[in-house]
Amino acid sequence: MKASDTRRHGRSPLATAIGNRRWLVIWLLPAALAAAIWAAGRPTPGPAPTGSVFGRTQPASRKPSGEKPPGMAWIPGGEFSMGCADPRGMPFGGSDAMNDARPVHRVRVDGFWMDVHEVTNDEFAAFVDATGYVTVAERPPRAEDFPGAPPENLVAGSIVFTPPPTAVPLRDATGQAHLRWWAYVPGASWRHPTGPGSDLVGRGSEPVVHVAYADAEAYASWAGKRLPTEGEWEFAARGGLAGATYPWGNEFMPQGTWMANTWQGAFPGENTAADGFAGIAPVGRYPANAYGLRDMSGNVWEWCSDWYRPDTYARDAAAGAVTINPRGPDDSFDPAEPGQPKRVQRGGSYLCSEQYCARYIVGTRGKGEISSATNHIGFRCVKSP
Ligand SMILES: [Ca+2]
């Protein structure tokens, strides 16, 4: 499949065959709203959220036992308000109501260690060198998983951001607008982030990408760690702040400082790189939050261990006043793509902007089909004391 073919003809048979397994999730808006946003270029900010739905963050006092694992920070755990108010009225809040991140509800998590930064290419290479592990993107799709797909189409690869040369609508009636800037690239993998012609030279300290959920889980297990629950991830990202818009506070750029690697310019064609990076940044190039964590907003998306459902928070809120150590629902369901098992992803990426997917906002949620990978999805690990 060529990206140009996809753009010209919509979703190709190969994209359907492969894409059902390895396709990125999008979030849809009513057509009228999308048209208005496109016409205006950016949403008109509404009234600021009151924040009254957020209660205090109450960190636990328990200290960790044992020595601090290298490269990890202690996250004290405690009780906090999890979720996000409708972000459309916030500065840089984007255009999507993000209903799956409500209601804001009380959650308590135990303390844990968390990687200070996203897992890097060098770290992932050490795992592969030690184990011989082959990632999902490096394995040819199996014919039995894609009945009817021509054998020549069953080639290993992954999905790569491929921005179009001209401005395009961010949403349309087909629900497939994202195909204009994503392409399935044979040979793309963590070793070749943008395709067979690319490599990891000079990218050792960048976060590893093109990792499917099983890849992240395999690394974590090898490292003696695990993937965070969504509750742990958000508690850590909030850094002790209650209801702040970002991991560092309520201002997107306090004192004019770039705090995260996101997208600037008219997405997806114009990338001004005003924050210093046009694409992925090496980990740790932006300030840490109060728990010492880097890049909890932006850079690359991070897998969490919870299955994704849009009604998870509603269920938790209905079940009791405080949800203790939530591990997510027992199954996955996304009404936008029924039948695709998805896990939660958090934090947004270098491709997130206020025009599209403002999920660098700390309480918002993402989701990904478990065997899909792209060049803006990575992860970090946690460890219980
Ligand atoms: Ca991140």
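The values are calculated or read from the model by the stated rules, or taken from the named source; none is laboratory data. Keep in mind that what you see is a predicted model, and the values were worked out from it rather than measured. Quick reminder, even Gly has a Cβ in these numbers, built from the backbone with ideal geometry, and neighbours come from all protein chains shown. For accessibility, only protein heavy atoms count, side chains too; no ligands or nucleic acids. Shrake-Rupley method; radii C 1.70, N 1.55, O 1.52, S 1.80 Å.
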Scanning the stretch 287-325 for residues that are buried (at least 18 other Cβ atoms within 10 Å of the Cβ) and among the charged types (D, E, K, R), which turns out farthest from the ligand (Cβ to nearest atom)?
-> Asp316
Within the stretch 149-162, the residues that are surrounded by fewer than 16 Cβ atoms within 10 Å (Cβ to Cβ) and either part of a loop (DSSP other than H, G, I, E, B) or among the basic types (Lys, Arg) (or both) are Pro150, Val155
Inside the stretch 347-356, the number of residues satisfying the requirement of being under 11 Å from the mean Cα position of the chain (by Cα) and more than 11 Å from the ligand (Cβ to nearest atom) is 1
Out of all the residues in the stretch 214-224, is one or more crowded, with 24+ Cβ neighbours inside 10 Å, touching a Gly at 6+ places or on another chain (Cβ under 7 Å) and part of a helix (DSSP H, G or I)?
-> no
Listed by first then second residue, the pairs whose first member lies in the stretch 318-331 and is more than 21 Å from Gln58 (Cα to Cα) and without any contact (Cβ under 8 Å) to a residue 40 or more places away in the chain, whose partner is open to solvent by less than 90 Å² (accessible area, probe 1.4 Å) and part of a loop (DSSP other than H, G, I, E, B), with beta carbons under 7 Å and at least 6 positions apart or on separate chains, are Pro329/Arg309
Matching residues, the stretch 193-210, being under 20 Å from the mean Cα position of the chain (by Cα) and either among the hydroxyl-bearing types (Ser, Thr, Tyr) or closer than 15 Å to Val136 by Cα (or both) | Pro193, Thr194, Ser205, Val208, Val209, His210
Can you pull out the residues in the stretch 61-102 that are in contact with a strand residue (DSSP E or B) (Cβ under 7 Å, 6 or more places away or on another chain), assigned to a loop (DSSP other than H, G, I, E, B) and either open to solvent by less than 10 Å² (accessible area, probe 1.4 Å) or at positive phi (or both)?
-> Gly71, Gly77, Gly83
With Gly276, Gly284, Gly339, Gly328 as the choices, which residue is in a loop (DSSP other than H, G, I, E, B), within 14 Å of the ligand (Cβ to nearest atom) and either open to solvent by 10 Å² or more (accessible area, probe 1.4 Å) or at pLDDT below 95 (or both)?
-> Gly284
Hey, can you tell me all the residues within the stretch 195-213 that are within 30 Å of Trp248 (Cβ to Cβ), surrounded by fewer than 21 Cβ atoms within 10 Å (Cβ to Cβ) and out of contact with any helix residue (DSSP H, G or I) (no Cβ under 8 Å at 6 or more places or on another chain)?
-> Gly202
Residues that are under 30 Å from Asp311 (Cα atoms) and open to solvent by 20 Å² or more (accessible area, probe 1.4 Å), drawn from the stretch 117-145 | His117, Asp145
Matching residues, the stretch 115-147, being within 16 Å of the ligand (Cβ to nearest atom), among the hydrophobic types (A, V, I, L, M, F, W, C) and out of contact with any Lys or Arg (no Cβ under 7 Å at 6 or more places or on another chain) | Phe124
On the given criteria, is Arg359 within 13 Å of the ligand (Cβ to nearest atom), farther than 21 Å from Ser158 by Cα and surrounded by fewer than 20 Cβ atoms within 10 Å (Cβ to Cβ)?
-> no
